[in-house]
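J.: First, the structure itself, so that you have it in front of you.
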Amino acid sequence: MPMMTGGQAIVKSLRDHGVDTVFGIPGIQLDNLYDAFYESRNTLRVIHTRHEQGAAFMAMGYAQASGEVGVFAVVPGPGLLNSLTAVATAASANLPLLGLTGQIPSDQIGQNFGMAHELKDQLMVARGVIDWVERANHASAVPDLLADAFRQMRAGRMSPAILEMAPDTLGAAGQVEPQGPTAPPAPPEPEAALLQAAAERLKTAKRPVILVGGGSVGAEVPLLALVDIDGNHFRSNVAAERPVRPPGLNRRRTPTCVFIVATQIQRYRLGVHELTGEKEQLNGAERTAHGAATMRLASMNDSTSTGRNRRRAPTFT
């Protein structure tokens with residue numbers, strides 16, 4: 001097995017999993033990692049940002065735009081804390097985002113010496129935001145940990161992951177067995193009955209609208225095929241290169257059927273049941289392809305928000 005430092009093992013694992021871009025800011029706790037970045041400068045691009053939050057948000061945007069894992073590297077303590085806003089946003093947006101961070105020297109972790117950039121329990125701080133947060137205590141542990149991180153980021157509902165490593169272990173060499181990428185778990189199969197029910201409602205609706213969220217990245221082709229077949233009024237934030245404008249539909253002509261794909265809608269108010277007339281408000285248990293397709297869109301204003309954070313009602317013109 002080849003000898004590598006912890007930093008080199010991280011870079012090797014990133015490249016083995018197809019990563020070619022990292023956003024971040026160097027710092028003393030990450031010197032050995034950035035040395036490894038420099039050694040791989042011909043195959044791995046590192047984009048220097050002005051702030052840790054910017055690094056994490058740029059990596060998040062990279063994941064959202066490309067469908068690939070976005071990676072950022074920031075110093076521990078306040079650097080990681082600065083990045084957690086983007087990590088929390090990526091978690092709610094179902095985006096694969098990998099954060100690499102340092103630590104104080106390994107023999108001082110948990111001692112509460114008041115070291116620069118020390119948190120009492122950095123792992124627990126990050127675990128308050130996302131599920132997969134681990135520490136690599138030796139270079140040999142890096143390939144397995146990052147392989148597991150990539151699996152978890154792409155399993156089911158995609159989510160971020162964070163790996164930390166102390167500066168001395170980032171610089172310490174050891175035997176490392178590289179591990180290539182593994183196929184992500186197969187996505188869950190949709191319920192055929194619900195899909196059939198949604199298809200029937202779309203087929204018979206007079207003014208259907210399809211609302212598509214960022215979770216549909218990678219499914220643009222079948223979505224556009226659905227639009228072409230049914231001639232639906234299509235609103236999307238993932239197929240901007242081919243916008244479909246609903247002819248003659250505006251806020252005074254309420255859609256009769258709304259089909260919601262790969263987006264969270266808990267901040268929207270949807271009206272009464274379209275087919276049965278039952279006055280059922282859409283709640284967490286009903287946000288399925290069947291429930292969304294049978295709901296009449298009444299309003300998408302959020303009365304609890306004010307100012308620039310207010311969600312405006314959609315304009316179908």
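J.: Could you pull out every residue, at least 5 positions away or on a different chain, whose amide H is within less than 5 Å of the one on Val71? Hs are placed 1.01 Å off N in the peptide plane, and Pro or chain starts have none.
T.: Phe23, Leu98
J.: Val46's amide H: which non-local residues (gap 5+, or another chain) put their own amide H closer than 5 Å, with H modeled 1.01 Å from N in plane and none for Pro or chain starts?
T.: Distant-sequence amide H within range of Val46: Val22.
J.: A further question follows. Starting from the 7 Å offset along Cα-to-Cβ, what nm value, one decimal, do you get for the label separation of His51 and Lys203?
T.: The two pseudo-label positions are separated by 5.3 nm.
J.: If you don't mind, there's one more thing I want to ask. With all distinct Cα pairs included, what does the Kirkwood hydrodynamic radius of segment 105-174 come out to in Å, to one decimal, could you say?
T.: Hydrodynamic radius (Kirkwood, Cα pairs) of segment 105-174 is 13.3 Å.
J.: In nanometres, what is the gap between the two model label sites at Ala173 and Leu194, each 7 Å from Cα along Cα-to-Cβ?
T.: For the pair Ala173/Leu194, the computed spacing is 5.4 nm.
J.: Another question, then. Report the calculated FRET efficiency for Ala219 and Asp148 (r = Cβ-Cβ distance, R0 = 25 Å), to the nearest 0.05. Don't skip to the end; give the middle numbers.
T.: Numbers: r = 26 Å, r/R0 = 1.04.
Rounded to the nearest 0.05, the efficiency is 0.45.
J.: Expected output is a single nm value to one decimal: the length gained when fully extending between Thr182 and Gln111, i.e. 0.36 nm times separation in residues minus the C-alpha distance. What is it?
T.: Using 0.36 nm per residue and subtracting the Cα-Cα distance, I get 21.8 nm.
J.: Return the long-range amide H neighbours of Leu211 (sequence gap of 5 or more, or a different chain), with a cut-off of under 5 Å between placed amide H atoms.
T.: Phe259, Ile260, Val261
J.: Can you tell me what percent of all Cα-Cα pairs in segment 3-175 are more than 21 Å apart?
T.: 40 percent
J.: Only four residue types carry charge here, +1 at the Cβ of Lys and Arg and -1 at the Cβ of Asp and Glu. Report the dipole size of segment 3-175 about the Cα centre in Debye, rounded to the nearest 20.
T.: Details: 11 positive and 16 negative charges, 90 e Å.
Using Cβ point charges on Lys, Arg, Asp and Glu, segment 3-175 gives about 440 debye.
Every number here is computed from the coordinates shown, using simple stated rules; none is lab data. Note that this is a predicted model, so its numbers are computed, not measured. Heads up, the Cβs are rebuilt from the backbone with ideal geometry, glycines too, and the neighbour counts pull from every protein chain shown.
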